[in-house]
1. Scan the range 88-110 and tell me whether some residue there is crowded, with 24+ Cβ neighbours inside 10 Å and assigned to a loop (DSSP other than H, G, I, E, B).
2. Which pairs have Cβ atoms under 6 Å, sit 6 or more apart or on different chains, and link a residue in the range 122-147 that is closer than 21 Å to PRO381 by Cβ to one that is modelled with pLDDT of 95 or more and aromatic (Phe, Trp, Tyr)?
3. Does the range 60-75 hold any residues that are surrounded by 12 or more Cβ atoms within 10 Å (Cβ to Cβ) and part of a loop (DSSP other than H, G, I, E, B), and which are they?
4. Take the range 118-149 and flag every residue that is touching a Ser or Thr at 6+ places or on another chain (Cβ under 6 Å), of a type outside the set (S, T, N, Q), part of a helix (DSSP H, G or I) and at pLDDT 95 or above.
5. Would you confirm, using the coordinates I've provided, whether ASP103 is farther than 20 Å from GLY403 by Cα and more than 16 Å from the ligand (Cβ to nearest atom)?
6. Which ones in the range 56-67 are of a type in the set (S, T, N, Q) and within 12 Å of the ligand (Cβ to nearest atom)?
7. Determine which single condition GLY352 fails, assuming it passes every other condition in (1) surrounded by 24 or more Cβ atoms within 10 Å (Cβ to Cβ); (2) within 30 Å of TYR251 (Cβ to Cβ); (3) touching a Pro at 6+ places or on another chain (Cβ under 9 Å).
8. Might you let me know whether the range 563-572 holds any residue that is over 22 Å from the mean Cα position of the chain (by Cα) and not in a loop (DSSP other than H, G, I, E, B)?
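The values are calculated or read from the model by the stated rules, or taken from the named source; none is laboratory data. This one's a predicted model, so the numbers in the text were calculated from it and none came from an experiment. Cβ coordinates were reconstructed from backbone atoms using ideal geometry, including for glycine residues, and neighbour counts include every protein chain displayed.
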Amino acid sequence: MHDSVTGPGPGTGPVRTHCPYCSLQCGITLDASVRPVILDAQSDFPTNLGGLCAKGWTAAELLDHPQRLTAPLVRDSRDEPLRPASWDEALDRVATAIRGAQDRYGRDAVGLFGGGGLTNEKAYQFGKFARATLRTAMIDYNGRFCMSSAANAATRAFGIDRGLPFPLADIAGTDALMLVGSNPADTMPPAMQFIDAARARGARLIVVDPRTTRTAAGANLHLQPVPGTDLALANGLLNVAIRERLIDVDYIAERTTGFDGVRRAVRQYWPDRVERISGVPEADLVRAAHILSAADHAVILTARGAEQHRSGSDTALGFINLALALGLPGRPFSGYGTVTGQGNGQGGREHGQKADQLPGYRRLDDPVARAHVAAVWGIPPSELPAPGLSAYEMLDGLGTEGGVRVLWVAGSNIAVSAPRAGHIADRMRSLDFLAVSDFFLSETARMADVVLPSTQWAEETGTMTNLEGRVILRRAAVAPPAGSRSDLWVMRELAARLGRPALSDDPQEIFEELRRASAGGKADYSGITYERIVAENGLFWPCPSTRHPGTPRLFTQDFPTRGRQARFHPVEHVGAAETPDAEYPYYLTTGRLLRQYQSGAQTRRVASLSEAEPDAAVEIHPTLARRIGVRAGDLVSLRTRRGRAVMRVRIADGIRPDTVFAPFHYGGSGAVNLLTNPALDPYSRMPEFKACAVSVDAVVDGPGVIPPESPPPQKDLHE
Ligand code: SF4
């Protein structure tokens with residue numbers, strides 16, 4: 001790699017790079033001359049402009065953390081503990097398990113499970129390793145749990161899925177912003193500067209959330225629906241907009257198709273009926289529709305609160321219908337978008353680690369796409385497997401007849417993050433063999449037969465695609481611990497052991513191949529190079545040639561559909577798969593905290609973050625707390641049809657009295673995914689994390705909160 005790309009080199013001075021966590025991918029300067037420290041937040045990186053949250057400021061602590069895994073671990077039998085091993089022994093065991101399972105049960109007996117935090121190069125290579133090296137159909141990733149519903153909706157409506165079809169900074173220029181199931185004040189605080197700038201110009205903020213989050217507390221209007229009723233709300237808003245002639249008839253006629261079907265479908269969502277379904281007062285619904293339609297520029301953003309439902313795709317479509325009827329997509333400082341969660345949640349869903357997808361956002365069941373990618377990989381298209389199972393479906397079948405018998409998990413902590421996590425842990429125990437790549441001994445790694453210690457964010461170079469579709473370069477700034485290896489190297493070594501064609505482990509070489517594989521696809525990266533990313537502070541896809549400037553704003557002229565028009569889709573409210581009853585009388589909803597991230601495998605190990613938010617606490621309205629007979633700090637038992645968790649009570653008068661909220665960052669007995677419902681969206685196969693029926697009772701005796709796992713330092717493993 002050229003110096004202008006790599007920077008000064010690991011450990012030799014300050015390196016401009018990016019935070020390892022969320023999709024904002026805030027620009028930072030990291031210095032590892034003595035030990036890794038974050039010197040500053042880049043003031044010229046467009047998504048953070050000098051801002052960082054507590055997670056970002058402390059991210060360097062992950063690099064020289066005493067619990068880093070620095071040697072492979074293997075288990076001689078299921079009854080014995082993990083022990084340190086050489087890389088040769090560990091890789092031989094993985095290769096033997098793969099070969100044995102495929103010989104005995106067929107190619108699809110081996111599965112791969114990736115993550116939305118992997119670089120584009122790793123996500124691409126993971127997909128290629130599955131389809132071309134192992135020739136298995138069984139690959140999916142944890143982004144299926146995050147972004148698949150919004151992705152499905154955007155693809156159906158706009159012909160393309162890019163979370164934000166405009167730069168984040170455009171939010172500052174809007175006059176009305178509706179956030180549906182999104183809490184950026186906690187999840188990505190630096191993004192609030194754009195919302196605050198819009199508010200300072202007089203913009204109105206509408207927040208839709210069953211909780212009064214930090215974001216909702218600052219809104220002009222807070223709509224607080226029953227969990228699982230956002231779709232009724234979207235249809236109700238459109239009903240008001242049509243009835244009160246607030247829609248943009250010229251835009252609808254020129255730029256869209258299918259409006260008549262939607263007009264008919266939303267007729268029955270008159271506001272007082274929507275109030276009965278959602279609990280949102282009719283007057284607030286009407287007010288929200290007027291705020292959005294009266295604004296010169298308006299933006300509607302959905303996030304996981306709206307999308308992680310069994311009808312998440314249709315819910316996103318409901319808000320897209322509203323945005324299209326108001327004439328927003330493609331107009332300046334206006335539009336619809338979804339707020340991506342994971343660091344590479346966008347790129348991770350574009351380049352082939354999804355069960356149904358090939359690089360460049362191509363479909364695996366499209367013969368033309370298969371021929372293109374097969375040619376880049378130098379194999380006949382017939383060698384590519386068919387689409388495999390979605391994440392939950394694959395995990396649900398682990399160890400069963402016809403299911404996956406050998407699983408390799410990279411960059412994901414499914415023992416904590418999968419829905420119905422107790423059942424998924426049982427399924428993992430029934431595997432013939434489990435390999436896990438991680439840099440800490442996560443709850444999932446603890447269950448493995450072989451643990452492969454990975455290099456992490458600042459130790460290797462690779463590209464990420466942020467929530468705006470901006471491709472950025474994360475540069476190696478720190479030398480990795482001697483015993484850790486990149487997942488790219490692991491794939492190269494396994495391919496060699498399996499006697500399959502050679503794979504590169506050089507990120508830039510892999511990116512060059514990704515460019516060719518994505519050329520002509522929806523997510524076309526063919527014009528993006530490492531050098532251009534550095535010189536231009538990131539580049540937006542699609543970028544189909546090296547002379548193309550990239551595409552910060554989509555839909556300004558037309559939509560990438562067959563007729564070049566956006567498509568309305570009639571959608572109907574169905575509600576949550578489980579609603580409260582006598583046995584489980586409340587709704588449970590889940591989400592994120594300010595100082596924790598995803599399954600907490602990283603942030604729970606950062607002292608200041610862990611001290612501030614040490615274990616799972618369930619938010620309960622004072623009225624409900626009185627009914628149950630508990631006070632702040634007491635322990636409660638949460639039960640659903642799938643399991644039990646124990647958490648401390650946090651009294652929150654801003655939450656609906658019929659709903660409790662728990663964060664999903666914790667393992668042990670406080671793991672909320674022991675409770676969540678895997679009811680799947682029929683289009684996206686996204687599980688319904690955000691709503692299920694729960695009982696809440698005071699813990700009178702018996703075990704309390706078992707702390708999330710905190711393994712002893714692995715100093716003995718350091719080389
Ligand atoms: Fe920025 Fe997200 Fe990192 Fe916080 S976690 S510093 S918002 S990239």
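1. Scanning the range 88-110, I find no residue that is crowded, with 24+ Cβ neighbours inside 10 Å and assigned to a loop (DSSP other than H, G, I, E, B), so the answer is no.
2. So the pair list comes out as ALA132/TRP377.
3. Within the range 60-75, LEU63, ASP64, HIS65, GLN67, ARG68, LEU69, THR70, ALA71, PRO72 meet the criteria.
4. Answer for the range 118-149, where residues must be touching a Ser or Thr at 6+ places or on another chain (Cβ under 6 Å), of a type outside the set (S, T, N, Q), part of a helix (DSSP H, G or I) and at pLDDT 95 or above: just ALA130.
5. Taking the combined requirement at face value, the residue does not satisfy it.
6. Correct list: THR58 only.
7. (2)
8. yes
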